[in-house]
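The structure under discussion appears below in the form of structure tokens.
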Amino acid sequence: MSKSSSTKYIFVTGGVTSSLGKGIVSASLGKLLEARGYSVTIQKLDPYINVDPGTMNPYEHGECFVTDDGAETDLDLGHYERFLSSTTSQANNVTTGRIYQSVIDKERRGDYLGKTVQVIPHITNEIKEHIQILGETDQYDIVITEIGGTVGDIESLPFIEAVRQLRWEMDSNAINIHLTLVPYLSAAGELKTKPTQNSVKKLRELGLHPDILVCRTEHHLGSEIKRKIAQFCNVERDAVIESLDAESIYHVPLLMQSEMLDKVALRKLGLKDETNVSLHIWNDFLSRLKNPTSEVKIAVVGKYVELQDAYKSIAEAFIHSGAANLCKVKVSWIQSEEIDSSNAKEKLKQFDGILVAPGFGDRGIEGKIEAVKYARTEKVPFFGICLGMQCAVIEYARNVLNLADAHTTEINPNTSNPVIDLMDHQKKVTDKGGTMRLGAYSCQVEEDSKAFECYHKVNIKERHRHRYEFNNDYKEKLESAGMKTTGLNPESNLVEIIEVAEHPWFVGVQFHPEYKSTVASPQPLFVGFIDSAINYSKQH
Ligand code: GLN
């Protein structure tokens, strides 16, 4: 029997407030179901009108996560990939903008000829189709669909209506998990269930009934509170799941397991739960995380440092690579705008490693270049990602090749030394959305390099998100001055990795290695960078 006809769907909605962690709860449930042998994927529906988050500022949206197929997506997809073994794609992130774009394209083609095109049924049908795309691939036993926003928001109404219809059509093949908040009022010394009751009432007004309630709380719910929630919200007693604040996001699957979220979900979906949960790799990771034998201080130099969601995958990659090295990685987020040649040493001398972050535009760029210079000349382990790698090339050209005005044409289009420049085909691009070099590309790693010591292989694939490139006109000059190009794209010859050989660990990459770091497979360059920071800290 093909899986599509038997694929089960779990819809995750949220109430009371935003930021309750639907993404982490979805990823944790996905992990537990995968650990029982089911193949699982998770999809996010976002109610905003942008076609994708690629054109949004990180202050608006946090990090933009990039998939292998080059989709610019919500950062929750990063959590899904870090928790599960399956990767995601464009189909895993659907926005209102994408839905409307597709419906309007169909209208222009004449697909609805003669009809008035309306939210119901045309928009809701389009949403329903997008929800079922992953199930129809025959790859998954279970598709978890997280609906962004909070129930009752005007913009998420068509999504909720589409889910209502699908639940009716799919009958026992679909369930709804609703995530709410049970706040603690310290003045009264009590947990309050009313917001949860009201949120479920709102959901029921929209025609959806929760099968399971996951209640975020800072205090244990206790059996009386759980009973009360069950009774007033019309759910089974064991379907009221407590979700206490966790030590880290990686502890949430274990909390959900002890509350038997997976067992209840399987029962409600009519699936077997005899198989044991096998979480060896996960538990091994948690025990490494808990028992470090060393500690390093890392500076991440960037311009969105007030908002850690802007560099989410980098922060998580440090957690994975720290655990791999049995090392506690203490990350400080340093505002590049505040670094200049007079204070770089003072600001950065306490660190065992410096990562210069990805980014766009000129704000803080000179501070990033100063940070590179400090790391290079003081022989502090250095890791440059995307714009961070471009800054490393600019710094080398300016200070070693003595090309004083060397720059990227993104910031100085008139520089006489464009060491970072647009490729020809990018010069013709006028639209901003979805037109960068996006997604996974091959890279061939030179054997005599730090990168090879990390990957232990020549052929790798990493994900990209940038417009500008290393300018090959400067390759020979930079190489003969000591900056090696140790990773090249085999088709286009584009430089993907640069290193300074006469340095303990100086690696810049044009791609974004952080997107592929997971609990089960920490990203090799991050692991190598932390290892070199440990060595540095021992020597200093
Ligand atoms: N702004 C640079 C470019 O577009 C770098 C992008 C990035 O760091 N992701 O090439």
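With respect to the numbered conditions (1) in a helix (DSSP H, G or I); (2) within 16 Å of the ligand (Cβ to nearest atom); (3) farther than 15 Å from His512 by Cβ; (4) within 28 Å of the chain's Cα centre (by Cα), which one is the sole condition not fulfilled by Gln390?
Failing condition for Gln390: (3).
Residues Ala375, Ala404: which one is away from the ligand (no atom under 12 Å from the Cβ), of a type in the set (A, V, I, L, M) and touching a residue at least 40 places away in the same chain (Cβ under 8 Å)?
Ala375
Only one of (1) modelled with pLDDT of 95 or more; (2) more than 30 Å from Arg465 (Cβ to Cβ) is not met by Leu289, so which one is it?
(2)
Condition test on Gln390, is it polar (S, T, N, Q), open to solvent by less than 50 Å² (accessible area, probe 1.4 Å) and modelled with pLDDT of 95 or more? If you could, list the steps in order and put the result at the bottom.
Values: polar (S, T, N, Q): yes; open to solvent by less than 50 Å² (accessible area, probe 1.4 Å): yes; modelled with pLDDT of 95 or more: yes.
Yes: the conditions hold for Gln390.
Quick one: count up the residues across segment 247-288 that are among the β-branched types (Val, Ile, Thr) and open to solvent by 40 Å² or more (accessible area, probe 1.4 Å). Break it down stepwise before answering.
At the first step, the residues of segment 247-288 found to be among the β-branched types (Val, Ile, Thr) are 249, 252, 264, 275, 277, 281.
Of the ones still in play, those that are also open to solvent by 40 Å² or more (accessible area, probe 1.4 Å) are 249, 275, 281.
The total comes to 3.
Quick one: Lys484 ticks every box in (1) of a type outside the set (A, V, I, L, M, F, W, C); (2) over 17 Å from Met389 (Cα atoms); (3) open to solvent by 30 Å² or more (accessible area, probe 1.4 Å); (4) not in a loop (DSSP other than H, G, I, E, B) except a single one, so which number is it?
Lys484 satisfies all of (1) of a type outside the set (A, V, I, L, M, F, W, C); (2) over 17 Å from Met389 (Cα atoms); (3) open to solvent by 30 Å² or more (accessible area, probe 1.4 Å); (4) not in a loop (DSSP other than H, G, I, E, B) except (2).
Residue by residue through segment 237-246, note down the ones that are without any contact (Cβ under 8 Å) to a residue 12 or more places away in the chain and either open to solvent by 70 Å² or more (accessible area, probe 1.4 Å) or in a helix (DSSP H, G or I) (or both).
Answer for segment 237-246, where residues must be without any contact (Cβ under 8 Å) to a residue 12 or more places away in the chain and either open to solvent by 70 Å² or more (accessible area, probe 1.4 Å) or in a helix (DSSP H, G or I) (or both): just Arg237.
For segment 491-502, state whether one or more residues are within 16 Å of the ligand (Cβ to nearest atom) and open to solvent by 20 Å² or more (accessible area, probe 1.4 Å). Spell out how you get there, then give the answer.
The first filter runs over segment 491-502 and keeps only residues within 16 Å of the ligand (Cβ to nearest atom), leaving 492, 494-498.
Imposing the further condition that a residue be open to solvent by 20 Å² or more (accessible area, probe 1.4 Å) reduces the set to 492.
Checked segment 491-502: at least one residue is within 16 Å of the ligand (Cβ to nearest atom) and open to solvent by 20 Å² or more (accessible area, probe 1.4 Å).
Would you check if Glu155 is touching a residue at least 12 places away in the same chain (Cβ under 8 Å) and within 22 Å of Leu271 (Cβ to Cβ)?
no
Do you know which residues across segment 407-428 are within 15 Å of the ligand (Cβ to nearest atom), outside any strand (DSSP E or B) and touching a residue at least 24 places away in the same chain (Cβ under 8 Å)?
Thr409, Glu410, Ile411, Met423, Gln426
Among the residues of segment 516-540, which ones are over 16 Å from Arg376 (Cα atoms), open to solvent by less than 10 Å² (accessible area, probe 1.4 Å) and either of a type in the set (Phe, Trp, Tyr) or touching a strand residue (DSSP E or B) at 6+ places or on another chain (Cβ under 8 Å) (or both)?
The answer is Leu525, Phe526, Ile530.
Do any residues in segment 452-469 that are open to solvent by less than 10 Å² (accessible area, probe 1.4 Å) have Cβ atoms under 6 Å from those of residues that are within 16 Å of the ligand (Cβ to nearest atom) and β-branched (Val, Ile, Thr), where the two are at least six apart or on different chains, and which pairs are they?
These pairs meet every condition: Arg463/Val66.
Do we have Lys432 as within 22 Å of the chain's Cα centre (by Cα), within 14 Å of the ligand (Cβ to nearest atom), charged (D, E, K, R) and open to solvent by 80 Å² or more (accessible area, probe 1.4 Å) here?
Answer is yes for this residue.
Residues in segment 113-130 that are part of a helix (DSSP H, G or I), over 16 Å from Trp168 (Cβ atoms) and open to solvent by less than 60 Å² (accessible area, probe 1.4 Å): how many?
Summing the residues that are part of a helix (DSSP H, G or I), over 16 Å from Trp168 (Cβ atoms) and open to solvent by less than 60 Å² (accessible area, probe 1.4 Å) in segment 113-130 gives 4.
Looking at segment 82-100 only, could you name the residues that are open to solvent by 10 Å² or more (accessible area, probe 1.4 Å) and either at pLDDT below 95 or of a type outside the set (S, T, N, Q) (or both)?
Listed by number, the residues that qualify are Leu84, Ser85, Ser86, Ala91, Arg98, Tyr100.
Would you confirm, using the coordinates I've provided, whether Leu307 is away from the ligand (no atom under 14 Å from the Cβ) and touching a residue at least 60 places away in the same chain (Cβ under 8 Å)?
Against the criterion (away from the ligand (no atom under 14 Å from the Cβ) and touching a residue at least 60 places away in the same chain (Cβ under 8 Å)), Leu307 qualifies.
Among the basic types (Lys, Arg) and closer than 18 Å to Cys64 by Cα: does that describe Lys297?
For Lys297, the condition - among the basic types (Lys, Arg) and closer than 18 Å to Cys64 by Cα - is not met.
Select from segment 1-20 the residues that are open to solvent by 30 Å² or more (accessible area, probe 1.4 Å) and either modelled with pLDDT of 95 or more or not β-branched (Val, Ile, Thr) (or both) and list them in ascending order.
Met1, Ser2, Lys3, Ser4, Ser5, Ser6, Ser18, Ser19
Give the residues of segment 21-53 that are surrounded by 18 or more Cβ atoms within 10 Å (Cβ to Cβ), more than 20 Å from the chain's Cα centre (by Cα) and in a loop (DSSP other than H, G, I, E, B), sorted by residue number.
Arg36, Tyr38
Please determine whether any residue of segment 376-385 is of a type in the set (D, E, K, R), crowded, with 21+ Cβ neighbours inside 10 Å, out of contact with any Gly (no Cβ under 6 Å at 6 or more places or on another chain) and part of a loop (DSSP other than H, G, I, E, B).
no
The values are calculated or read from the model by the stated rules, or taken from the named source; none is laboratory data. Predicted, not measured: the structure shown is a model, and the values here were computed from it. For neighbour counting, all protein chains shown are included, and Cβ atoms are generated from backbone atoms with ideal geometry for every residue, glycine included. The area values use the complete protein model at the heavy-atom level, side chains included, leaving out ligands, DNA and RNA. Shrake-Rupley method; radii C 1.70, N 1.55, O 1.52, S 1.80 Å.
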